[in-house]
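Enquirer: Structure below; questions to follow.
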Amino acid sequence: MIKIVNVEVDTCSDCPYCHYDGYYDRSRDSGHDCSLGDFRIIDDYEWDNTNNPKRLSLTESGIPIPKICPLPDKNYTEAKV
């Protein structure tokens, strides 16, 4: 059986490869992992820390896509139909 997933995402929160890991597998805290890139995106301490300057943008728009994301970037020069 073959499945196709074709989705455009602008945050990790919308990505099908982003999942919550409730264990301490990748850092000192639980958090969100990227199963495609096999890395921790953000841990719960960074997410919940009120002193984290990125906290408001994280909770308003979701988890920002890190530069090390293995997914290809969308080419905005493509002709739009």
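Enquirer: Which of the residues belonging to segment 1-31 are within 14 Å of ILE63 (Cβ to Cβ), in contact with a strand residue (DSSP E or B) (Cβ under 9 Å, 6 or more places away or on another chain) and not polar (S, T, N, Q)?
Expert: VAL9, CYS12, CYS15, TYR17, CYS18, HIS19, TYR20, ASP21, GLY31
Enquirer: Right, next: Condition test on SER57, is it at pLDDT 85 or above, of a type in the set (S, T, N, Q) and outside any loop (DSSP other than H, G, I, E, B)?
Expert: Considered against the rule, which asks whether it is at pLDDT 85 or above, of a type in the set (S, T, N, Q) and outside any loop (DSSP other than H, G, I, E, B), SER57 comes out as no.
Enquirer: Can I ask one more? Pick from ILE65, ILE2: which is within 11 Å of the chain's Cα centre (by Cα) and either modelled with pLDDT under 85 or aliphatic (A, V, I, L, M) (or both)?
Expert: Values: ILE2 fails: within 11 Å of the chain's Cα centre (by Cα).
One residue alone meets the criteria, ILE65.
Enquirer: Then there's this: In segment 1-40, what count of residues is obtained for those that are out of contact with any Ser or Thr (no Cβ under 7 Å at 6 or more places or on another chain), aromatic (Phe, Trp, Tyr) and without any contact (Cβ under 8 Å) to a residue 24 or more places away in the chain?
Expert: 1
Enquirer: Under the condition of being surrounded by fewer than 14 Cβ atoms within 10 Å (Cβ to Cβ) and part of a loop (DSSP other than H, G, I, E, B), which residue from segment 12-35 is modelled with the lowest pLDDT?
Expert: My answer is ASP25.
Enquirer: What single numbered condition from (1) crowded, with 16+ Cβ neighbours inside 10 Å; (2) more than 13 Å from LEU71 (Cβ to Cβ) fails to hold for ASP38?
Expert: (1)
The values are calculated or read from the model by the stated rules, or taken from the named source; none is laboratory data. Model, not experiment: these values are computed from the prediction. Cβ: placed from backbone, ideal geometry, glycine included. Neighbour counts: every protein chain shown.
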